[in-house]
Amino acid sequence: MNATVTSSALVGVEPRPVKVEAHIGGAKGFVVVGLPDAAVREAKERVRAAFASSSIAFPRQRVVVNLSPADLPKVGSAYDLPIALGVLAAAHPKYRGITDVVALGELGLDGSIKAVRGGLGAALVAKELDKRCLLPLASAAETAGRGDLGVEAVRSLSHAVAVALGDQPGDPVDPAGQSEVYVPDIAEVRGQPLARRALEIAAAGGHHLLLVGPPGAGKTMLARALPGLLPPLEDDEAHQVALAWAAAGLYRPEATLPPFRSPHHSASLAALIGGGSGVPVPGEAVLAHRGVLFLDELGEFPPQLLDALRAPLEDGSVVVARKGATVEFPCRAQVVAATNPCPCGFQGDRQDGCDCGSVAIARYRRRFSGPLLDRLDVQIRVPRLRMSELTGPPGEASVLVRQRITIARQRQRTLRGRLNRDLRRGDLDVLAWTPAADRALLEAAERNLLTGRGWDRIRKIARTIADLADVDVVDRAHIEEAVKLRDAKL
């Protein structure tokens, strides 16, 4: 007897259907084939115990389960539930109706169904195949708010069988218990007019940002306020982010808020970019897709870790190769980096003096590679605040700044089809510039010895400044402000 139940696998952030084919016949035994890892092979013991705990007779003949396509690595315990349903349908004709579903879930020895990663991917596969999707309650929460996905939460093997047969309803899918993410309002940032302006320009054009300043100047608060300045994610963007998080086994209740990730400087390369044994999983840079990747204390990150970010910053994607699997993750994140100017943090400070010495400062600054710094569009100094600034009135609120940023981004997409950060050199060459702007740009190039990339970065920033001002032609004032926004001199 044969039966087939559909499951799913995430390859990168792409959900793919997996057919769980069960065959009953011949001598005793239980074999799982189709490139399973150790956790999948162990499913036979969990399935046996779950059958016994659910008062379901396990077949006495040989059971062969094939996970197709056989060349796609299968990892984890998520195939327990579809294997159990397939075996049940193959062994007992009265259960043949349970195969018309997409299922995912780990079985407990008592027959309970435990959460696994990839719930959203399974639901999308079910939608594509026009089938219902059975998921553990916690995994089904990934799909909350998506009424177009036919997801039914199940709590045990017996419950899953009854739901698949249509005898019982699934449990309601509810994201309850998920905490909301706190995003500081930029009004909480006192003083710092240059930094606030730089943050607005960076947000409007999607530009990467470097903040250099002493401890306590407000660099971290500025960075954490950035998601509140960005427009809400559109449906397709939110979908991309949700899939990236689902691939890492995470769920985002605030679906339209741009993500904010802040990895510690002790993170490994796999944790930052992506990797792991077996099928690679996303790293922090991927989880920040369509949002903000904040690198606090940039000088403490190992140089090789920072250099690994150079290609993703340019390409908007990360390719991770492992034995048997090479996947590409989306990685179009806006990088905000913060660092002290020297080991003690007070070099150039107007109150405390720096006692690091030139050798220590030179050694510290060698940690920042030139190619990486060249890719950070906006680079400014954030000075220590005076007491009069700390006790002064709050600045403009995030909601007001976000309105200007949203209008500027809409203008960019309408006129040029993409954010200014993503403009190519050919796009920049055909934009309108006044003769005065051209002269200002040449003067800046001669004075600052700009690289080719730096030349383009200034032109992109100037175009964003003009978009915020709602003008079509870049003028000298826009170039001059753009030059000042790349003047941190780290």
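Remarks
- Filter pass, Val318 being farther than 30 Å from Pro383 by Cβ, among the β-branched types (Val, Ile, Thr) and surrounded by 16 or more Cβ atoms within 10 Å (Cβ to Cβ): yes
- Considered as a group, the residues in the stretch 404-434 that are free of Cβ contacts under 8 Å to residues at least 40 places away in the same chain and charged (D, E, K, R) include one that is farthest from Leu199 (Cα to Cα), and that residue is Asp429.
Listed here are the residues, each with its yes/no results for (1) surrounded by 24 or more Cβ atoms within 10 Å (Cβ to Cβ); (2) touching a His at 6+ places or on another chain (Cβ under 8 Å); (3) not assigned by TED's automatic domain parsing to the domain that holds Pro17.
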position	(1), (2), (3)
Val87	yes, no, no
Ala90	yes, yes, no
Lys94	no, no, no
Gly97	no, no, no
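- Helices (runs of 4 or more DSSP H) enclosed by the stretch 133-248 - at least 2 residues per element that are within 16 Å of Ala337 (Cα to Cα): 193-205, 219-225
- Residue in the stretch 1-58 that is nearest to Ile273 (Cα to Cα), counting only those that are polar (S, T, N, Q) and surrounded by 19 or more Cβ atoms within 10 Å (Cβ to Cβ): Ser8
- Among the residues of the stretch 443-477, the ones that are in a helix (DSSP H, G or I), more than 34 Å from the chain's Cα centre (by Cα) and loosely packed, with under 13 Cβ neighbours inside 10 Å come to 2 in all.
- For the stretch 48-69, filtered to residues that are in contact with a Leu (Cβ under 6 Å, 6 or more places away or on another chain) and among the aliphatic types (A, V, I, L, M), the residue that is nearest to His159 (Cα to Cα) is Ala50.
- Among strands (runs of 3 or more DSSP E) entirely within the stretch 314-410, having at least 1 residues that are in contact with a strand residue (DSSP E or B) (Cβ under 8 Å, 6 or more places away or on another chain) and of a type in the set (Ser, Thr, Tyr) singles out 317-322, 325-330, 334-339.
- Residue identified as at pLDDT 90 or above and either out of contact with any Gly (no Cβ under 7 Å at 6 or more places or on another chain) or outside the structural domain of Leu149 (by TED's automatic domain parsing) (or both) among Gly218, Gly228: Gly228
- Qualifying residue in the stretch 344-358 (condition: under 18 Å from Leu272 (Cα atoms) and of a type in the set (Lys, Arg)): no
- Single residue of the stretch 375-389 satisfying the filter (hydrophobic (A, V, I, L, M, F, W, C) and surrounded by 12 or more Cβ atoms within 10 Å (Cβ to Cβ)) that is farthest from Val335 (Cα to Cα): Leu385
- Which numbered condition Glu142 fails, given (1) modelled with pLDDT of 90 or more; (2) surrounded by 24 or more Cβ atoms within 10 Å (Cβ to Cβ): (1)
The values are calculated or read from the model by the stated rules, or taken from the named source; none is laboratory data. Note that the coordinates shown come from a computational prediction; the quantities given were computed from them, not determined experimentally. No Cβ is skipped: glycine too gets one built from the backbone with ideal geometry, and neighbour counts run over all protein chains shown.
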